[in-house]
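In what follows, a structure is listed as structure tokens, so that the remarks can point back to it.
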Amino acid sequence: MSAGETIWVDNPPFPANARRAVNDAQLRRNIRNATSTIRQRRATMVEELPDWQQLRTAGAAIKDEVLARLDRYLEQFEQAATQRGAHVHWARDADEANSIVGSLVAATGEREVLKVKSMVTQEIGLVGALAKRGISAYETDLAELIVQLGRDRPSHIVVPAIHKNRSEIRKIFLNEMGDAPADLSDDPHALAEAARQHLRRKFFQAKVAISGANFAIAQTGSLLVAESEGNGRMCLTLPETLISVVGIEKLLPTFRDLEVFLQLLPRSSTGERMNPYNSVWTGVTPGDGPQQVHIVLLDNGRTKVLRDHIGRQALRCIRCAACLNVCPVYERTGGHAYGATYPGPIGAVLTPQLVGVEHAATLPFASSLCGYCYEVCPVKIDIPTVLVKLRHDVVKAERASPESVLLTATGAVMKGRRRWTLALRLAPLMRLFRHGGPPPISRWTAVRDLPEPPRQSFRDWWVTRSATSKQADQR
Amino acid sequence: MSARDEILTRVREAIAPVPAPAADLTRDYRTRTGDGVDTFIARLRHYQAQTHRVPESELGRTVVATLRERHAHLIVAPEGIPRDWLVGLEPLHDTPPLDPQTLDGAGAVVTTCAVAIAQTGTIVLDGSTGMGRRALSLVPDYHLCVVRTDQIVSSVPEAIARLDPLRPLTFISGPSATVDIEMVRVAGVHGPRRLEVIIAG
């Protein structure tokens, strides 16, 4: 069993990555510019809606309803989608999902497939898994194309190439694209045009496309993909076979629920009233679009997250990345430092739960707990509370530290009255260390003054004092 | 156990300890706003789409004039587009289905729409008469869309209520765009680089 690339195995833990990232001035400049722009846009779009808080509350409630009855909604979705001509597959983990998709592609006889940007296919490491079977998968989203050509990794959920500036992108295109014009400038318009030319022929020839989905409607078996460039529409419309990998938490009960999420998502993710394109399809539409439609429903750790009553709210996430854009830690380290498919505050709560805290023990600490992420979250995920809970889990899972031994001992002593009294009697012995203790205690006392313990404890003094005053009364 | 049964079992085990509370979903957000045709036009212009507003009687003439002005001659015309919208132009009909290369060589596609959202400047196509299959409004580089004023609703909830989820739906808000390079908005990537909307009525 494998969780795919939920965490990047070759990656050092967060603190080491972060230390390196904060010293990369170019990276920090690129990320600061991008996040401050997107933050501002989001704020303007959210202020415009007087009912934003009501929409957030409804969004959270709809997602909680899905999670509370997820088994029923999954069965309902499967039945509805199947009825409309889709083939529904189930995958327990990344390996199983990759193997299903690989076999489906192999069955078409194709060696090349196109990809729509999707977090879940990053999570399972699909492109790499297909490559091992001799299948080339081409990313078609501009940012994912930049990342793929640069043999790089995405560093943001919505804008994966946020860590690269225009001149770096120009270099990647010139060196790796193969058909980039020799006089390519670093103007974003020219770079986007180069990507258009590069992909256009591929779109027209592709027989198989692979997508994720932003939402899956249980009532109707429909899927929705939100995007900006039209590469999604190309992949969802022109090929003969469409394979969509969908995390089981992507469900919404009814089509009507989109009225909430189509307001929350674009304003939170790109700071637009609406993103340029949303495509909704239900199974197969005769004469329009792919006639072979497959849906792979993926667990890959989600049912583990669902078990935790505090942590499960992370499954409400709609991948808008608003929490990344406001996070003071993300802004300084960038996304790669998290060493995982899901970076930023949501990654810090999702990744350890998906793979187990012991495999991502530093991530719950990659936060100052300032709470800005909670404030901007369109589905009200209380990220700071989940982080604190996960920190607790990490400490519990770790080997006993001197500090925890000391605290456990103190706890035991304070539990019994007699033990406590005895300990207090012994306290004056601490006077021996008032000018500093022996090693290793000296490391602590060398820079700190110990309060001098009194010769007598308060309790002893009280007993003596009472005895003295009683004698006085009797006299 | 099959993957399906195992996942469903895992889900049930995960949610069983705490019985699901009664759904406390309150839809107290706005289902309707004050936004109308003027907002719709302002939003489209914000997306760098061109707009025209004409009385119904001028519609045919405006469509033809607009297409001529853009020097578009080969026009993709889905089934149901009135003949007087294409006077003197060369329509491309989708029977038998046009291949992507032919669509790519067309000067324009003309469609109607199923519903339009004023607040967000969105038009929604659902593949019925006047809109055709999804590829028709995607591959040509220039999309001219005709919206009638009674198709314009104020808000996203009003639009969702009017749509049939079982039809293939495309929500279009301006020409295709990207902000992937330094968050600079570039209009026009893979979808039509030019979107023009004629509002009739």
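Nothing in this text is a laboratory measurement; each read-out follows from the coordinates by a stated rule. What you see is a predicted model, and the numbers here were worked out from it, not measured in a lab. Here the Cβ is made from the backbone with ideal geometry for all residues, glycine too, and neighbour counts use every protein chain on show.
Using alpha-carbon pairs under 8 Å, 6+ residues apart, how would you state the relative contact order of the range A:296-451 in percent?
Computed value for the range A:296-451: 18 percent relative contact order.
By the compact-protein rule of thumb, 2.2 N^0.38 Å, the alpha-carbon radius of gyration of the range A:65-107 corresponds to a ratio of 1.38. Please give the net charge around A:Trp8, taking every other residue with its beta carbon less than 15 angstrom from that of A:Trp8, where Lys and Arg add +1 and Asp and Glu add -1. Surrounding charge for A:Trp8 is -1. Rounded to the nearest Hz, the phi-derived 3J(HN,Hα) couplings of the range B:121-126 under the Karplus curve 6.51 cos²θ - 1.76 cosθ + 1.60 (θ = phi - 60°) are x, 10, 10, 10, 9, 10, where x marks glycine and proline. Based on Cα contacts under 8 Å between residues 6+ apart, chain B shows a relative contact order of 25 percent. Converting phi to 3J(HN,Hα) with the Karplus coefficients 6.51, -1.76 and 1.60 and the offset θ = phi - 60°, the range A:86-96 yields 8, 9, 9, 10, 10, 10, 5, 8, 4, 4, 5 Hz in sequence order, with x at every glycine or proline. Of all DSSP beta bridges confined to the range A:188-329, the antiparallel ones make up roughly 45%. Between the range A:48-62 and the range A:175-233, the C-alpha centres lie 31 angstrom from each other. Taking every pair of alpha-carbon atoms in the range A:209-346, give the share separated by more than 27 Å as a whole percent. Within the range A:209-346, distances greater than 27 Å cover 26 percent of Cα pairs. FRET efficiency for the pair B:His46 and A:Lys396, taken as 1/(1 + (r/R0)^6) with r the Cβ-Cβ distance and R0 = 51 Å, rounds to 0.45. Each of A:Lys171, A:Lys396 has some number of other Cβ atoms within 10 Å of its Cβ, and from fewest to most they run A:Lys396, A:Lys171.
Between the C-alpha center of the range A:277-313 and that of the range A:426-470 there is a gap of 65 Å. When Rg and Dmax are taken over the Cα atoms of the range A:402-474, they come to 16.3, 53 Å.
Looking at the range A:14-304, the pairs of alpha carbons with a distance over 30 Å make up 35% of the total. Which aspartates and glutamates, if any, have their Cα less than 12 Å from the Cα of A:Lys117, not counting same-chain residues under 8 positions apart? Here the aspartates and glutamates satisfying the reach criterion relative to A:Lys117 are A:Glu139, A:Asp141, A:Glu144, A:Glu227, A:Glu229. Can you return the aspartates and glutamates within cross-link range of A:Lys63? Criterion is Cα-Cα under 16 Å, with same-chain partners fewer than 8 residues away left out. Answer for A:Lys63, where 16 Å is the Cα cut-off: A:Asp71, A:Glu249, A:Asp257, A:Glu259, A:Asp308, A:Asp382, B:Asp24, listed by chain and number. The modelled label-to-label distance between B:Val87 and A:Thr408, using points 7 Å beyond Cα along the C-beta direction, is 9.1 nm. Spin-label model, A:Trp420/A:Arg151: points 7 Å from Cα along the beta carbon direction are separated by 6.5 nm. When B:Tyr29, A:Tyr342, A:Tyr138 are sorted by how many other C-beta atoms sit within 10 angstrom of their C-beta, beginning with the fewest, the order is A:Tyr138, B:Tyr29, A:Tyr342. Each of A:Val447, A:Val386 has some number of other Cβ atoms within 10 Å of its Cβ, and from fewest to most they run A:Val447, A:Val386. Over the residues of chain B, the helix contribution to mean residue ellipticity at 222 nm works out to -6500 deg cm²/dmol, using -39500 (n - 2.57) for each DSSP H run of at least 4.
For A:Lys470, the aspartates and glutamates whose Cα falls under 17 Å of its own Cα, not counting residues fewer than eight places away in the same chain, are A:Asp460. On the basis of the beta-carbon distance and an R0 of 25 Å, A:His87 and B:Asp5 show a calculated FRET efficiency of 0.90.
Take the Cβ-Cβ distance between B:Thr95 and B:Asp150 as r, set R0 to 25 Å, and report the resulting FRET efficiency rounded to the nearest 0.05. Taking R0 as 25 Å, the efficiency between B:Thr95 and B:Asp150 is 0.30.
The spacing between the range B:77-118 and the range A:130-160, judged by their C-alpha centroids, is 34 Å. Per-residue Karplus couplings for the range A:323-332, computed as 6.51 cos²θ - 1.76 cosθ + 1.60 with θ equal to phi - 60°, are listed in order as 5, 5, 5, 9, 6, x, 6, 4, 4, 8 Hz, Gly and Pro entered as x. The equivalent ellipsoid that matches the C-alpha gyration tensor of chain B spans semi-axes of 37, 22, 17 angstrom, in descending order.
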